[in-house]
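The values are calculated or read from the model by the stated rules, or taken from the named source; none is laboratory data. Model, not experiment: these values are computed from the prediction. Reconstructed Cβ throughout: ideal geometry from the backbone, glycine too, with neighbour counts over all protein chains shown.
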Amino acid sequence: MDITFGQYYPSKSPVHRLDPRVKLIFVLVYIVTIFLGTSFVGLGLCTAFLITAVIISRLPVRLFAKAIKPILPIIIFTAIINLFYAGGDPLFYIFSIAVTKQGVLTSLLVVVRIILLIAGSSMLTFTTTPTSLTDGLERLLSPLTVFRLKVHELAMMMTIALRFIPTLTEETDKIMNAQKARGADIDSGGLFKRVKALVPVFIPLLVSSFRRAFDLAVAMECRCYTGGEGRTRMKIFKLRCADYLALGIMIVLLASVIVINFVLGLV
Amino acid sequence: MPLIETQNVTFKYGVRTPMEKTAVDDLSVCFEAGEIVGIIGHTGSGKSTFVQLLNGLLRPASGRVLLEGRDIWEKPKKIRDVRFKVGLVFQYPEYQLFEETCRRDIGYGPRNMGLNDEQVNEAVERAAVQAGVKPELMEKSPFELSGGEKRRVAIAGVMAMGPRVLILDEPTAGLDPQARDKVLQRIKAYSETTGALVLLVSHRMEDIAAICDRIMVMSKARMIMFGTVDEVFSRYDELKAMGLSMPQVSRVLRKLKLAGYPVNTHIYDEPSACAEIVRLVKQCGIKR
């Protein structure tokens, strides 16, 4: 099974070393910026920024191609829909449906936007380990404990879920092979037959997941885990120069897109 | 004609990625019907990959696997038929049990073979006896059984297909001594009664010495030695260099020999070793 999408890519680039909280906020603001930037100039700025970030992070470009590939059908679909539904001056006709100048422009905008969205948010997961990501999320959400939200427990559940994805993938492969060795026919037949053929895989997987969950709970209790209350942490996040610089860049990016769009009204 | 044979088989994991690794490298070997062959090698030596190549779960990058003289990948769509003839019991096979009763679980393989109810039943009964599953367990849920019982039910699930080649990957791992002996004894009996070839992958040299006729040694994706139990275990220094060993009793005899006692070191199982030590004690004249 191939689950490259969103997997951490180890490196020691400046982007990797940024505080996860800063990166989380950055991605949020970046997404908002993309939606605000309804013009080519604005999105051009976002693209230029993203390309710079990719260069600084020293990530291979093929990683992004891999992240975008699975949603390619969605991109094409939205592009086609937008092509026909924009209205305006017809450029040419396909089967007597008018393709307009505005249609071409909006579908181009939509495509650029989706790609920027996916590439930008993949950037976050490529450069941040799952643990520091959930750590950062926990710290960012911690003010919500005032509303009795169990932020630490939520973050711990997320960490555990992420940690077990590769384990369960491996386990699924093993069980599938074991059943194939007994003649299971998983790759052929109609939908119903295929779903039925997966029962011998899912039941053992479920049983072993429960077993793992109990084992993990016992192991955590053995180390005196009692939840978030009074828990201190080994790694204390401290914002460094680079983090402030990143936040500065973020504000400049957001501001310039707003200015370009709403003040200057550039297309 | 050998029952199963590999010709220059090579297999690589993660082809065209930075993690590319050759797990089996240009391996050619023949196995005959009726023998029990032990496969030993340190962790990551390619044993598990090798056995998966034999039943067609993995397809070699180059080279051929011949079963009864025919390339198993001659008709890729018929690969399931190969898996019925070459039964593979994975490590910790009890984690693959899924049916409501042991009877139904053991019958999973035969049902996949397309046998009718009567034939399935016959195969299940035969396999239960061969693997040593007690009749009163047959209607129970496999999840209520003890570890050793579960293991034998899982092994019965593969034996039920009546494979001509039975491969077991660490069948005794994690079992208590009694359950271990029972499993080994059943494996030996299967080979004797059906004339099948048995390949036994194990880290326990005692298990290998107890039931195997020949031993194949793998290291770093290659076959380093292939010979009788005595031929392989008598090359202790080479085995040790590969992170392997020989049965504990043989190591004791070896130490005695090095200490100057006239003792036969070509003994690898416990009963013969005991007899040899008793003989030695008598010869050296120690009184009770």
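Some notes on this structure:
- Within segment A:202-225, the set of residues being within 17 Å of A:ILE165 (Cβ to Cβ) and either touching a strand residue (DSSP E or B) at 6+ places or on another chain (Cβ under 8 Å) or surrounded by 12 or more Cβ atoms within 10 Å (Cβ to Cβ) (or both) comprises A:PHE202, A:LEU205, A:SER208, A:SER209, A:ARG212, A:ALA213, A:LEU216.
- Residues located in segment B:86-106, provided they are under 22 Å from the mean Cα position of the chain (by Cα) and not in a helix (DSSP H, G or I): B:VAL86, B:GLY87, B:LEU88, B:VAL89, B:PHE90, B:GLN91, B:TYR92, B:LEU97
- Residue match in segment B:74-82 (condition: in contact (Cβ under 8 Å) with a residue 24 or more places away in the chain, away from every other protein chain (no Cβ under 12 Å), in a helix (DSSP H, G or I) and in contact with a Lys or Arg (Cβ under 9 Å, 6 or more places away or on another chain)): no
- For segment A:194-216, the criterion of being within 14 Å of chain B (Cβ to nearest Cβ) and part of a loop (DSSP other than H, G, I, E, B) is met by at least one residue.
- Matching option when the condition is assigned by TED's automatic domain parsing to the domain that holds A:ILE80 and in a helix (DSSP H, G or I), among A:MET156, A:MET123: A:MET123
- Test for A:GLY248: is it more than 30 Å from B:VAL89 (Cβ to Cβ), over 30 Å from the mean Cα position of the chain (by Cα) and not hydrophobic (A, V, I, L, M, F, W, C): no
- B:ARG126 closer than 16 Å to A:ALA197 by Cβ, part of a helix (DSSP H, G or I) and more than 9 Å from chain A (Cβ to nearest Cβ): no
- Residue in segment B:139-168 that is farthest from the chain's Cα centre (by Cα), counting only those that are more than 12 Å from chain A (Cβ to nearest Cβ) and assigned to a helix (DSSP H, G or I): B:GLU144
- Identity of the residue in segment A:56-68, among the hydrophobic types (A, V, I, L, M, F, W, C) and surrounded by 12 or more Cβ atoms within 10 Å (Cβ to Cβ), that ends up farthest from the chain's Cα centre (by Cα): A:ILE56
- For segment B:2-27, the set of residues classified as free of Cβ contacts under 8 Å to residues at least 40 places away in the same chain and assigned to a strand (DSSP E or B) consists of B:TYR13, B:LYS21, listed by residue number.
Per-residue answers, yes or no, for (1) surrounded by fewer than 16 Cβ atoms within 10 Å (Cβ to Cβ); (2) in contact with a strand residue (DSSP E or B) (Cβ under 7 Å, 6 or more places away or on another chain):
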{"position": "A:PRO70", "(1), (2)": "yes, no"}
{"position": "A:PRO73", "(1), (2)": "yes, no"}
{"position": "A:ALA79", "(1), (2)": "no, no"}
{"position": "A:ASN82", "(1), (2)": "no, no"}
{"position": "A:GLY88", "(1), (2)": "yes, yes"}
{"position": "A:PHE92", "(1), (2)": "yes, yes"}
{"position": "A:ILE97", "(1), (2)": "yes, no"}
{"position": "A:LEU137", "(1), (2)": "no, no"}
{"position": "A:HIS152", "(1), (2)": "no, no"}
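- Note on segment B:104-113: residues that are over 15 Å from B:PRO163 (Cα atoms) and either surrounded by 22 or more Cβ atoms within 10 Å (Cβ to Cβ) or not assigned by TED's automatic domain parsing to the domain that holds B:ASP81 (or both) total 1.
- Checking A:GLY189, A:GLY183 one by one, the residue that is surrounded by 14 or more Cβ atoms within 10 Å (Cβ to Cβ), assigned to a loop (DSSP other than H, G, I, E, B) and at positive phi is A:GLY183 and no other.
- One residue from B:GLY34, B:GLY44 being more than 14 Å from chain A (Cβ to nearest Cβ), without any contact (Cβ under 8 Å) to a residue 12 or more places away in the chain and assigned to a loop (DSSP other than H, G, I, E, B): B:GLY44
- Given (1) modelled with pLDDT under 90; (2) at negative phi, number of the condition B:GLY285 does not satisfy: (2)
- In this structure, B:ALA221 qualifies as touching a strand residue (DSSP E or B) at 6+ places or on another chain (Cβ under 9 Å), modelled with pLDDT under 95, assigned by TED's automatic domain parsing to the domain that holds B:TYR92 and hydrophobic (A, V, I, L, M, F, W, C).
- Search result, residues across segment B:114-131 that are surrounded by fewer than 19 Cβ atoms within 10 Å (Cβ to Cβ) and either under 22 Å from the mean Cα position of the chain (by Cα) or in contact (Cβ under 8 Å) with a residue 12 or more places away in the chain (or both): B:ASN121, B:ARG126, B:VAL129
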